[in-house]
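Chemist: Quick one: the structure is below, questions incoming.
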Amino acid sequence: MTTPAALDDDALAAATVLLVDDDMVNLLMTGAALAERGFVIREASSGEEAIQSLVQNPPDVVVLDAMMPGLDGFDTCRELRTLPGFESLPVLMLTGLDDDASITRAYEAGATDFFVKSNQWSLLAGRLRYLLRSARTRQELERSKAKLARAQDLARMGSFDWRRGHGGLVFSVEGLRVFGLGPHEGLSFRQALRMIPDDDRGTVLGILHDVIRHSSVLATDLRATLPDGRLRIVHVEAEPEFSENGVLVGYTGVVQDVTDRRMAEDKIRHLANFDALTGLPNRRQLSWRVERALEHGRRLGHQVGLLLIDLDRFKNVNDTLGHAAGDDLLMEVSRRLRSCVRHSDQVLESSLESMGGRWHRTLEAVGRFGGDEFIALLPEVADEGDAERVAQRILEQMRQPITVAGEECFVTASVGIALYPRDGNTVADLLRNSDVAMYAAKSQGRNAASIYRPQLAGKGRAKLTLESDLHKAIERNELVLHYQPKIDVRTARMVGAEALMRWSRNGVLVPPGDFIPLAEESGLIIPLSEWAIREAARQARLWQDSFGFAESIAVNLPTRLFERTDLVEHIHAAVTAYGVPHSAIELEITETGLMKEVHDVIKSLHRLNEIGVEISIDDFGTGYSSLAYLTTLPISELKVDRSFVRDLGLTPQSTAVVTAIIALARSLGLRVIAEGVETLRQMEVLHRLGCGLMQGYLFSRPQPPDDIERWLQQTVLPRKAPWIVPADEAQSAVVDMPAVPGGGLPIVKPRG
Amino acid sequence: MSMTPPASAGLPAPAATHAAARPVLDAEALARLRELDPTGSTRLVGRVVEAYRTSAGRLEPQMREALARGDHAGVRHAAHTLKSASANVGALQLSALCAAVETMVRSGEVAGLDPAVEALGLELARALAALGQLPEVRA
């Protein structure tokens with residue numbers, strides 16, 4: 001005997017047997033025999049007693065003597081079977097050897113088996129074990145059948161069986177439920193076909209014919225209209241069955257309602273292919289469509305048009321009206337763009353060929369490429385004129401104001417056009433070149449369409465990558481501040497420094513002139529300036545700790561930053577973070593910028609002034625300052641523009657202007673500082689005119705902070721620089737001087 | 001408790017000295033009964049004989065009364081029960097007589113029923129006497 005069977009028998013032997021016999025002798029002996037073989041024995045000496053006993057405590061098997069006075073074995077068995085829960089309890093009927101009629105009666109009464117009375121106990125025990133084992137198997141089978149039914153029910157799945165020839169299509173109860181039918185309703189092949197919508201029926205029949213002809217596996221989804229009118233999608237999967245001689249006899253398989261899954265899949269596919277905000281095809285879907293359009297164009301030799309549409313100054317809307325308004329605007333723009341092409345919303349992924357010869361037309365669409373960028377795909381254009389006409393239609397559509405957040409916004413767009421194959425063979429090339437063209441439209445004043453030309457490429461592309469790199473510059477720590485000392489030549493001391501931004505891009509310093517305008521244009525100047533303020537505050541602290549620096553570091557700010565209401569908070573946060581006073585930061589604003597937006601910035605200037613942040617007017621003399629305004633502005637310093645300094649002593653006008661600025665500053669009680677001082681001669685003249693604060697290459701070019709420290713240590717403190725004269729020489733020089741404001745020690749070395 | 005004779009050791013002395021030529025109790029059947037309680041710890045043989053006496057003491061009068069009433073089914077039922085009980089205790093001759101009575105009733109040959117029941121009664125008396133002589137019962 002194998003081990004598992006032995007284990008099995010051990011488990012079975014512990015079973016409880018209810019022995020029923022009116023003959024005490026038999027009861028005793030059978031009981032003793034079975035007990036010896038490991039069974040647990042309970043006895044009953046009559047049918048009535050047996051029923052009572054098993055209701056109270058159900059045994060695993062009943063051994064029932066057929067012949068008993070009162071309720072005999074047959075009656076007892078019959079009654080037992082009517083009790084709930086005892087329908088399949090194994091019952092062994094004991095009969096006489098010579099009693100065929102009893103055997104038949106035993107089965108009719110619901111006995112599981114019969115056994116001829118004898119004292120062959122081992123046979124009886126073996127028979128009982130067999131009964132118990134099959135009862136258990138049956139229980140397990142029923143349990144797993146119930147489980148399967150439940151699982152199928154949950155999965156909205158059921159099985160079916162189809163026999164060839166007899167028209168035999170038989171569904172399980174669960175299978176019928178899939179089709180909305182009750183357990184007792186039937187579903188013939190003909191009825192099932194009738195559930196399939198008319199349009200689909202032919203296709204389904206075709207598939208069935210094919211599958212049966214090839215005896216192949218069936219796996220298909222079909223639509224079915226259920227009796228209650230609901231349209232569901234049913235997945236059918238079946239395998240062929242063959243007779244012993246290899247003839248197809250039928251199919252067995254499963255049906256499953258996959259409507260919900262299908263809907264979820266459709267939803268997922270939609271999410272994956274369409275922009276959530278605007279409902280337009282997204283980058284993925286668009287790229288796919290462009291790819292297909294290019295394939296088609298390649299095969300049939302036609303051109304494909306790609307339009308990149310970028311909204312002008314969309315950021316302003318977002319910044320001033322908020323993101324919700326920005327979203328509303330994008331949605332309206334999407335609606336308008338959609339009306340400009342034969343937009344198709346179909347989710348396209350495969351099998352386009354089945355749609356007929358001009359299927360590529362269904363690719364035509366406007367999609368959102370991200371942010372405020374849109375793409376229009378024209379799957380077939382005759383020439384660039386076609387594409388331009390669509391571009392003009394788009395610009396025209398944008399002309400009407402869009403009302404968002406209660407305000408009328410005028411949104412314009414810049415459109416770049418690229419054509420396959422002229423401007424590129426791949427999606428990537430066409431995208432890049434439409435981008436270049438779009439950039440050209442923007443640089444020519446926006447609100448225009450521009451067709452790609454090869455000569456645009458170099459400039460636009462470089463600029464584009466520069467801009468995208470600049471985006472990442474802050475997080476990559478590629479930005480640094482260099483410092484140019486402000487010198488009081490009368491004391492030969494550094495009285496402050498101007499911070500100048502440098503960008504170390506891939507290890508190469510990008511000139512400020514190359515990236516500052518780009519930053520201004522793209523709006524990046526805001527985060528850049530905010531970073532500069534923080535960084536300057538940090539440096540002020542380092543210098544304070546290192547050599548007692550107590551002056552201020554001047555940071556250049558674009559005018560638009562002064563318009564921001566949170567500028568004061570930002571500066572406050574920066575200086576507090578590093579534990580330096582507000583006066584550690586000085587702000588420089590250009591004269592031109594200030595005068596252009598004076599209304600918008602004056603509030604900020606006052607608030608800054610109140611907290612101790614001084615304002616310096618940069619490039620002074622180049623703009624047309626309203627002197628009236630100048631007197632009312634809370635400013636502290638005027639910076640003489642370098643152009644006047646450069647020509648100082650060369651043209652009388654320069655000297656006159658500088659003289660005037662100095663006089664003006666003095667009368668307004670403002671400091672005046674000259675920048676771009678490169679020669680001793682310039683220094684001398686400025687000093688003579690009464691300007692003792694200077695900045696320029698003569699003293700130091702803008703340097704990294706560590707170099708500034710070294711410069712102080714090695715040049716300024718030992719008084720070794722050519723612009724520093726010994727005190728005694730300075731003493732004599734002062735004689736020729738006109739009145740020097742502040743009466744500081746003149747240390748300027750006179751020439752000659 | 002007395003030693004239980006092995007199954008192959010033949011009949012115990014009391015049965016062997018009985019006047020009748022053939023043994024009343026079948027040695028093999030008795031041996032099988034004893035096998036069910038080899039150590040005698042459950043006193044099975046004693047209990048079975050006790051149960052048999054009670055059962056037979058009830059069945060025999062039942063059979064006679066039924067016969068007197070002409071209730072042949074009653075006769076048959078009593079005979080059936082006594083048949084298997086007797087076989088179990090080794091009274092095979094008695095069991096055979098019970099079977100004969102049962103068959104007679106079933107086949108409707110009720111004419112010979114009276115002497116058959118009479119013979120059955122005599123054999124039952126012999127069997128009960130023999131059982132009374134079993135060491136397990138005397139003890």
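Chemist: What are the semi-axes of the equivalent ellipsoid for region B:15-137, taken as the square roots of 5 times the Cα gyration tensor eigenvalues, largest first, in whole Å?
Modeler: Equivalent ellipsoid semi-axes, largest first: 27, 15, 12 Å.
Chemist: For the pair A:Asp200/A:Gln400, report the inter-label distance in nm, with labels modelled 7 Å from Cα in the Cβ direction.
Modeler: Here the answer is 4.1 nm between the modelled labels.
Chemist: Also: Counting Lys and Arg as +1 and Asp and Glu as -1, what is the net charge of the other residues whose Cβ lies under 12 Å from the Cβ of B:Leu120?
Modeler: -2
Chemist: Dipole of region A:625-712, Cα-centred, from +1 at each Lys and Arg C-beta and -1 at each Asp and Glu C-beta, to the nearest 20 debye?
Modeler: Dipole of region A:625-712, to the nearest 20 debye: 240 debye.
Chemist: Amide H neighbours of A:Asp312 under 5 Å, counting only residues 5+ apart in sequence or on other chains, H built in-plane at 1.01 Å?
Modeler: Those lying under 5 Å, H to H, from A:Asp312 are A:Thr412, A:Ala413, A:Ser414.
Chemist: Within a 10 angstrom radius of each residue's Cβ in B:76-86, how many Cβ atoms of other chains show up on average? Whole number is fine.
Modeler: Taking the mean over all residues of the peptide, I get 5.
Chemist: Go through A:Ala391, A:Gly371, A:His360 and say which Cα lies farthest out towards the positive end of the charge dipole of region A:354-407; charges sit on Cβ, +1 for Lys and Arg, -1 for Asp and Glu.
Modeler: My answer, from the dipole projection, is A:His360.
Chemist: Within region A:148-231, list the trypsin sites (Lys or Arg not before Pro) lying in a DSSP loop whose Cβ has at most 12 other Cβ atoms in a 10 Å radius.
Modeler: Counting only loop positions with at most 12 other Cβ atoms within 10 Å, the trypsin sites (Lys or Arg not before Pro) in region A:148-231 are A:Arg230.
Chemist: Can you tell me how much longer the chain between A:Ser88 and A:Val116 gets when fully stretched, taken as 0.36 nm per residue apart minus their C-alpha distance, in nm with one decimal?
Modeler: Going from the current span to full extension adds 7.9 nm.
Chemist: Provide the FRET efficiency to the nearest 0.05 for the A:Asp545-A:Ser339 pair, computing r from the beta carbons and using R0 = 41 Å.
Modeler: About 0.05, to the nearest 0.05.
Chemist: Now for a different question. Return an integer: the convex hull volume of the alpha-carbon atoms of region A:286-341, in Å³ per residue.
Modeler: 91
Chemist: Could you compute the net charge surrounding A:Met438? Neighbours are other residues with a C-beta less than 11 Å from the C-beta of A:Met438; K and R count +1, D and E count -1.
Modeler: -1
Chemist: Under a 5 Å amide H to amide H cut-off, with H placed in plane at 1.01 Å, what residues pair with A:Ala66 once short-range neighbours are removed?
Modeler: Those qualifying (amide H under 5 Å, at least 5 residues apart or on another chain) are A:Leu94.
Chemist: To the nearest 100 Å², how much accessible surface do chains A and B hide from each other in total, with a 1.4 Å probe?
Modeler: 1800
Chemist: Just to confirm, what accessible area per residue do you get for chain A at 1.4 Å probe, in whole Å²?
Modeler: 48
Chemist: So which of A:Lys442/A:Lys472; A:Lys147/A:Lys267; A:Lys442/A:Lys639; A:Lys267/A:Lys315; A:Lys603/A:Lys639 end up more than 25 Å apart, counting from Cα to Cα?
Modeler: Beyond 25 Å: A:Lys147/A:Lys267; A:Lys442/A:Lys639; A:Lys267/A:Lys315.
Chemist: Sticking with this structure for a sec: Is there a quick way to get the dipole size of the protein assembly as shown? I mean about its Cα centre, with the Cβ of Lys and Arg at +1 and of Asp and Glu at -1; what is the value in debye to the nearest 20?
Modeler: Dipole magnitude for the protein assembly as shown comes out near 1880 debye.
Chemist: Given 0.36 nm per residue, what is the gain on full extension from A:Ile611 to A:Asp210 after removing their alpha carbon distance, in nm?
Modeler: 135.7 nm
Chemist: For the protein assembly as shown, give me the percentage of DSSP beta bridges that are antiparallel, rounded to the nearest 5 percent.
Modeler: Taking every DSSP beta bridge with both residues in the protein assembly as shown, the antiparallel ones total about 60 percent.
Chemist: Next question. I'd like the distance separating the alpha-carbon centroids of region A:89-127 and region A:582-609, in whole Å.
Modeler: Each part's Cα centre sits 111 Å from the other's.
Chemist: Take peptide B:41-53, look around each residue's Cβ out to 10 angstrom, count Cβ atoms belonging to other protein chains, and average those counts.
Modeler: Mean inter-chain Cβ contacts per residue within 10 Å come to 3.
Chemist: Output ³J(HN,Hα) for region A:271-283: one whole-Hz value per residue in order, computed from phi by the Karplus curve 6.51 cos²θ - 1.76 cosθ + 1.60 with θ = phi - 60°, and x for Gly and Pro.
Modeler: With coefficients 6.51, -1.76 and 1.60, one gets 4, 6, 10, 10, 6, 5, 6, 9, x, 7, x, 8, 4 Hz.
Chemist: Tell me the net charge near A:Gln703. Cut-off is 12 Å between Cβ atoms, A:Gln703 excluded, with +1 for each Lys or Arg and -1 for each Asp or Glu.
Modeler: Residues close to A:Gln703 contribute a combined charge of -1.
Chemist: Short version: ³J(HN,Hα) in whole Hz for each residue of region A:50-58, in order, from phi by Karplus 6.51 cos²θ - 1.76 cosθ + 1.60 (θ = phi - 60°), x for Gly and Pro, what are they?
Modeler: Going residue by residue, I get 4, 4, 4, 5, 6, 5, 5, 8, x Hz, with x marking Gly and Pro.
Chemist: Would you grab the residues whose amide H sits under 5 Å from the one on A:Arg505? Only those 5+ places off in sequence or on another chain, please, with H modelled 1.01 Å from N.
Modeler: A:Val510
Chemist: Nothing charged except the Cβ atoms of Lys and Arg (+1) and of Asp and Glu (-1): what's the magnitude of the dipole of region A:179-265 about its Cα centre? Round to the nearest 20 debye.
Modeler: 240
Chemist: Using the Karplus curve 6.51 cos²θ - 1.76 cosθ + 1.60 with θ = phi - 60°, work out ³J(HN,Hα) for each residue of region A:135-149 in order, rounded to whole Hz, and write x for Gly and Pro.
Modeler: Taking θ as phi minus 60°, the curve returns 5, 5, 4, 5, 4, 4, 4, 5, 5, 6, 5, 5, 5, 4, 4 Hz for region A:135-149.
Chemist: Okay, next question. Hey, how many Å between the Cα centroid of region A:461-504 and the Cα centroid of region B:52-89?
Modeler: Using only Cα atoms, the two centres lie 124 Å from each other.
Chemist: Using only Cα atoms, what is the ratio of the radius of gyration of region A:383-493 to 2.2 N^0.38 Å?
Modeler: Dividing the Cα Rg of region A:383-493 by 2.2 N^0.38 Å gives 1.61.
Chemist: Now, a different point. Among A:Ser134, A:Asn425, A:Leu286, which residue has its Cα furthest toward the positive end of the charge dipole of the protein assembly as shown, with +1 on Lys/Arg Cβ and -1 on Asp/Glu Cβ?
Modeler: A:Asn425
Chemist: If a paramagnetic tag sat 7 Å from the Cα of A:Met331 along the Cα-Cβ line, which residues of region A:376-414 would have the backbone N under 17 Å from that point?
Modeler: Residues A:402-409 qualify, since their backbone N sits under 17 Å from the label point.
Chemist: Want the number for A:Ala149 to A:Ser45: 0.36 nm per residue separation, take away the alpha-carbon distance, what's left?
Modeler: 33.2 nm
Chemist: Estimate the FRET efficiency between B:Glu65 and A:Arg163 by the formula 1/(1 + (r/R0)^6), using the beta-carbon distance for r and 56 Å for R0, to the nearest 0.05.
Modeler: 0.30
Chemist: Going by a ≥ b ≥ c, the root eigenvalues of the Cα gyration tensor, does region A:613-702 fall in the rounded group (a/c under 1.5), the prolate group (a/b larger than b/c) or the oblate group?
Modeler: Prolate, since a/c reaches 1.5 and a/b exceeds b/c.
Chemist: Which one of A:Gly96, B:Ser95, B:Leu59 has its Cα pushed farthest toward the positive end of the charge dipole of the protein assembly as shown, where Lys and Arg give +1 and Asp and Glu give -1 at the Cβ?
Modeler: Positive-end residue among those listed: A:Gly96.
Chemist: Please compute the average number of Cβ atoms from other chains found within 10 Å of each residue's Cβ in peptide B:97-105.
Modeler: Going residue by residue through B:97-105 and averaging, the value is 1.
Chemist: Please find the FRET efficiency linking A:Ala14 to A:Leu141, where r is the Cβ-Cβ separation and R0 is fixed at 25 Å, and quote it to the nearest 0.05.
Modeler: Result of the calculation: an efficiency of 0.70.
Chemist: Between rounded, prolate and oblate, where does region A:31-137 land on the alpha carbon gyration tensor, with a ≥ b ≥ c its root eigenvalues, rounded for a/c under 1.5, else prolate if a/b exceeds b/c?
Modeler: Rounded shape, in that the Cα axes give a/c under 1.5.
Chemist: Viscosity 1.002 mPa s, temperature 20 °C: what is the translational diffusion coefficient of the protein assembly as shown from Stokes-Einstein with a Kirkwood Rh over Cα pairs, rounded to a whole number of µm²/s?
Modeler: Stokes-Einstein gives a translational diffusion coefficient of 54 µm²/s.
Chemist: Could you check the simple spin-label distance between A:Ile268 and A:Lys720, using points 7 Å along Cα→Cβ, in nm with one decimal?
Modeler: Going by the 7 Å Cα→Cβ label model, 7.3 nm.
The values are calculated or read from the model by the stated rules, or taken from the named source; none is laboratory data. Just so you know, these numbers come straight off a predicted model, no measurement behind them. In this analysis, Cβ positions are derived from the backbone assuming ideal geometry, glycine residues included, and neighbour counts consider all displayed protein chains. Please note that ligands, DNA and RNA were not included when accessible areas were found on the heavy atoms of the full protein model with its side chains. Shrake-Rupley method; radii C 1.70, N 1.55, O 1.52, S 1.80 Å.
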